[in-house]
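Some notes on the structure that comes next.
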Amino acid sequence: MTSTDTLDTHPLGGPALPQERRLVTAIPGPRSQQLLERKAAAVPAGVGHTVPIEAVAAGGGVVVDADGNSLIDLGSGIAVTGVGNAHPAVVAAVQAQAAQFTHTCFMISPYESYVAVAEALNRVTPGSHAKKSALFNSGAEAVENAVKIARKFTKRQAVVAFDHGYHGRTNLTMALTAKAMPYKSGFGPFASEIYRAPLSYPYRDGLTGAEAAKRAISLIEKQVGADNLAAMIIEPIQGEGGFIVPADGFLPALVEWCRDNGVVFIADEVQTGFARTGAMFASEHFGIVPDLITTAKGIAGGLPLAAVTGRAEIMDASHTGGLGGTYGGNPIACAAALASIDAFENDGLLERARRIGELLTDRLRALQATDARVGDVRGHGAMIAAEFIDPVTGEPDAALTAAVAKACIAEGVIVLTCGTYGNVIRFLPPLSIPDDLLHEGLDVVAAALAAQP
Ligand code: PLZ
């Protein structure tokens, strides 16, 4: 890359990188290999990596590595760079704010951008009721605070989470997360007063939304008791758990039961939020209005920021000084969030996410029609997944899934897996990716699958 290239910006975000898949070495190439050796020596093994490269630039729909390879990005750094990597407006906002001031601590000397982000979140989240927002650094921290707020408001302690749920890696959020490996194993003891209810997983349970809700509610009433329950937390579409879209009616029935029983309903939209699913928030697909909503990832174009937004009376339950943190709502992250939210609202990104969803779904359904190992194709917008199975037994096929994902990465296409059974490939491209790269990426996935015995 020449120095002038780095000054230009691509209209879809990022430096002016050719929007192409380009392999000039094997993956990893020699320079990437060197970094991975340093990583192995300097960084603990617990911090893994999916794509064995040294990333040096990203934008539009590609990630470029130190060896000059250009990989198609179908992961967005786990659903973060929705507006595109290094989106020009985000870069400008970050540079301007960094030159002005980098930190005062909002709890010490407040500044405008934090308040403006809170106002924007109160406006764009579902429901027209009075809302307030508090800002944090990570999705897990937002979830922790949503639980704190719900407990303080209800003066109750129990929290219900769901099968296949993912909420983070801190102590409380590990307890809320369902899957032991790799998230929890050996890291206990976990926080108390956390209970787990069965989800609606239409492909595997065959239940209607009403039946699945009845099953969950009956278990909660018997094993926890509504009077003890502060909050119910659920991802409207499970992310790490396998992009599970619940059956129609499941979420509305849970929300109604929470209303009737004074339980705070928390939608964890850390992965689904900010245009990802073709709606600003996935709750909209199901017609629900959560009491509290947790956000992070897509909110700030790659800068670390997270939020809890919710009913003003619930958000105000905490005593002054009860909520906060040194960096929560950092001014550079807030500047990036304001630029990102503007892009989501004004750059046609909701429409773009829907179009990406149609393209991905069409391509994956065509694959499913010719290969019985593709058991299910599901999702909304730019959050689509394929679940791989043994066609004879219907059992999850994690080995096939891992082999396909590995082959895609070797061919220069970044895909991520997920799912309780490790048998789901998820597609989460940046909304700035051009259609031809999506098609090429899907061609590589189809060839990788065909090559597996
Ligand atoms: N809630 C719904 O998806 C983060 C996890 C990646 P943090 N998901 C990616 C990994 O393996 O660590 C996530 C989420 C939902 C909460 C979180 C946690 O967000 O910003 O990673 O803390």
Out of Glu235, Glu256, Glu211, I need the residue that is surrounded by fewer than 24 Cβ atoms within 10 Å (Cβ to Cβ), among the acidic types (Asp, Glu) and under 23 Å from Asp376 (Cα atoms). Which one?
Glu211
Quick one: Ala335 ticks every box in (1) in a loop (DSSP other than H, G, I, E, B); (2) more than 16 Å from the ligand (Cβ to nearest atom); (3) under 23 Å from the mean Cα position of the chain (by Cα) bar one, so which box is it?
(1)
Selected residue (only one of Ala41, Ala89 is under 20 Å from Gly298 (Cα atoms), of a type in the set (A, V, I, L, M, F, W, C) and part of a helix (DSSP H, G or I))
Ala89
Of the residues that sit in region 217-246 and are within 24 Å of the chain's Cα centre (by Cα) and farther than 20 Å from Arg426 by Cβ, which one is nearest to the ligand (Cβ to nearest atom)?
Ile233
Pick from region 348-374 the residues that are among the charged types (D, E, K, R) and touching a helix residue (DSSP H, G or I) at 6+ places or on another chain (Cβ under 7 Å): which of them is surrounded by the most Cβ atoms within 10 Å (Cβ to Cβ)?
Arg363
Test Glu211 against the criterion of being of a type outside the set (A, V, I, L, M, F, W, C) and either more than 16 Å from the ligand (Cβ to nearest atom) or not in a loop (DSSP other than H, G, I, E, B) (or both), and give yes or no.
yes
Is it true that some residue in region 124-144 is surrounded by fewer than 24 Cβ atoms within 10 Å (Cβ to Cβ), more than 14 Å from the ligand (Cβ to nearest atom) and of a type in the set (Lys, Arg)?
yes
Within region 62-80, is even one residue more than 16 Å from the ligand (Cβ to nearest atom), polar (S, T, N, Q) and closer than 20 Å to Lys297 by Cβ?
no
Identify, by number, the condition in (1) more than 19 Å from Pro304 (Cβ to Cβ); (2) exposed (fewer than 14 other Cβ atoms within 10 Å of the Cβ) that Asp67 doesn't meet.
(2)
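A quick yes/no check of all residues on (1) hydroxyl-bearing (Ser, Thr, Tyr); (2) on the phi < 0 side of the Ramachandran plot:
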residue	(1), (2)
Phe136	no, yes
Ala150	no, yes
Val159	no, yes
His164	no, no
Leu172	no, yes
Tyr201	yes, yes
Ala212	no, yes
Ala216	no, yes
Gln238	no, yes
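Take Val413 and decide whether it is at pLDDT 95 or above, surrounded by 21 or more Cβ atoms within 10 Å (Cβ to Cβ) and in contact with a Phe, Trp or Tyr (Cβ under 9 Å, 6 or more places away or on another chain). Explain how you work it out, then say what you get.
On the way: at pLDDT 95 or above: yes; surrounded by 21 or more Cβ atoms within 10 Å (Cβ to Cβ): yes; in contact with a Phe, Trp or Tyr (Cβ under 9 Å, 6 or more places away or on another chain): no.
So Val413 does not fit the description; no.
Can you tell me how many residues within region 150-171 are within 16 Å of the ligand (Cβ to nearest atom) and either crowded, with 21+ Cβ neighbours inside 10 Å or not assigned by TED's automatic domain parsing to the domain that holds Ile237 (or both)? Don't jump to the end; show me each part of the working.
Filtering region 150-171 for residues within 16 Å of the ligand (Cβ to nearest atom) gives 150, 159-171.
So of that shortlist, the ones also either crowded, with 21+ Cβ neighbours inside 10 Å or not assigned by TED's automatic domain parsing to the domain that holds Ile237 (or both) come out as 150, 159-162, 164-168.
Count: 10.
The values are calculated or read from the model by the stated rules, or taken from the named source; none is laboratory data. Everything quoted here is computed from the prediction, not taken from an experiment. Cβ atoms come from the backbone with ideal geometry, glycine included; neighbour counts cover every protein chain shown.
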